[in-house]
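All remarks here apply to the structure that follows.
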Ligand SMILES: C[S@@+](CC[C@H](N)C(=O)[O-])C[C@H]1O[C@@H](n2cnc3c(N)ncnc32)[C@H](O)[C@@H]1O
């Protein structure tokens with residue numbers, strides 16, 4: 001099985017986190033991916049699975065796969081459990097529609113454009129993208145961190161070719177682009193597309209969000225507010241239908257730019273910038 005990751009531009013990701021790939025010791029997972037080729041592409045060491053995550057000292061985080069699917073694993077004596085893409089979260093099956101998911105669908109306007117396309121410019125663990133795909137949208141997931149982008153691609157691959165269940169149809173509407181979304185090829189964005197942004201927040205502001213967010217902050221230690229602002233400024237220059245930004249409920253508007261409207265939930269808010277295919281050119 002080979003994970004299809006669309007390669008794009010994207011610089012080195014800052015941080016002194018030692019990353020590696022861990023080839024599964026046995027079982028079908030050992031051949032689920034071309035591990036040597038992936039290691040070469042990512043420029044990471046390929047380790048053979050021998051020690052438990054808590055005993056492992058050769059790296060700080062590794063990417064591997066088990067019978068449940070691909071995962072990232074932090075190592076060390078206090079290592080938490082594996083971190084997988086959002087769609088492996090068992091709770092996802094119970095909160096497919098309703099609550100915050102419904103709010104996200106309304107903010108993006110999925111119902112207005114059935115089968116329409118969303119460019120998720122901040123892929124992460126693809127929980128939001130999966131919700132949008134579950135609501136019927138086709139989603140292009142852009143992720144700048146090569147290891148995360150590989151996790152996304154392997155996970156989509158796994159649910160497409162190996163683990164057939166209700167999620168397989170949904171991930172069929174997801175595709176993965178590895179690289180900085182701002183460097184998407186010219187012509188990729190269409191006037192009817194929606195650009196979705198869920199930028200990182202400075203450490204501490206999302207501490208309650210669990211081991212996934214803790215891992216993101218480890219992989220991406222440098223994520224100043226200015227990065228989120230530059231992403232929004234880029235997004236508003238695109239000729240798309242709308243730009244939607246996820247923010248903590250009480251956070252100020254990014255760049256101080258007022259959205260067309262907002263939708264608030266219990267802990268997050270979606271700021272909606274309605275462009276209708278007309279880019280905003282700031283003076
Ligand atoms: C808060 S997480 C997104 C979480 C995601 N919405 C989810 O549901 O799992 C932000 C992610 O955006 C990525 N990111 C930030 N800026 C980016 C850019 N310019 N291009 C691509 N990915 C970017 C980061 O690497 C990080 O993985």
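All of the numbers you see were taken from the coordinates with simple rules; none came from a lab. If you're wondering where the values come from, they're calculated on a predicted model, not measured in any experiment. FYI the Cβ positions are ideal-geometry reconstructions off the backbone, even for glycines, and counts take in every protein chain you see.
Couple of notes before you dig in:
- Kirkwood Rh and Cα Rg combined as Rg over Rh, evaluated for region 9-85: 0.95
- Take every Cα pair under 8 Å whose residues are at least 6 apart in sequence, average their separation, divide by the length of region 9-85, and the relative contact order is 29 percent.
- With helices as the sole contributors, the chain gives -7000 deg cm²/dmol at 222 nm; each DSSP H run of n ≥ 4 counts as -39500 (n - 2.57), and the sum is divided by every residue.
- Net length gained if the chain between residue 34 and residue 77 were fully extended (0.36 nm per residue, minus Cα distance): 12.5 nm
- On Cα atoms only, tilt of 225-236 relative to the major axis of the chain in degrees: 60 degrees
- When the Gaussian network model of the chain links Cα atoms closer than 10 Å, the mean-square fluctuations of 133, 121, 79 top out at 79.
- Separation of the residue 188 and residue 58 label points, Cα + 7 Å toward Cβ, nm: 3.3 nm
- Isotropic mean projected area of the C-alpha convex hull, the chain (nm²): 14.3 nm²
- Spread of Cα-to-Cα distances over 10 Å intervals beginning at zero, given as percent, for region 143-193: 23, 41, 30, 5
- Contact order for the chain, expressed relative to its length and based on alpha carbon pairs under 8 Å spaced 6+ residues apart, stands at 18 percent.
- Springs between Cα atoms under 10 Å define the GNM used for the chain, and in it the highest mean-square fluctuation of 140, 216, 195 occurs at 216.
- When each of the peptides 227-236, 84-93, 249-258 is scored by the mean number of other C-beta atoms lying within 10 Å of its residues, the order from highest to lowest reads 227-236, 84-93, 249-258.
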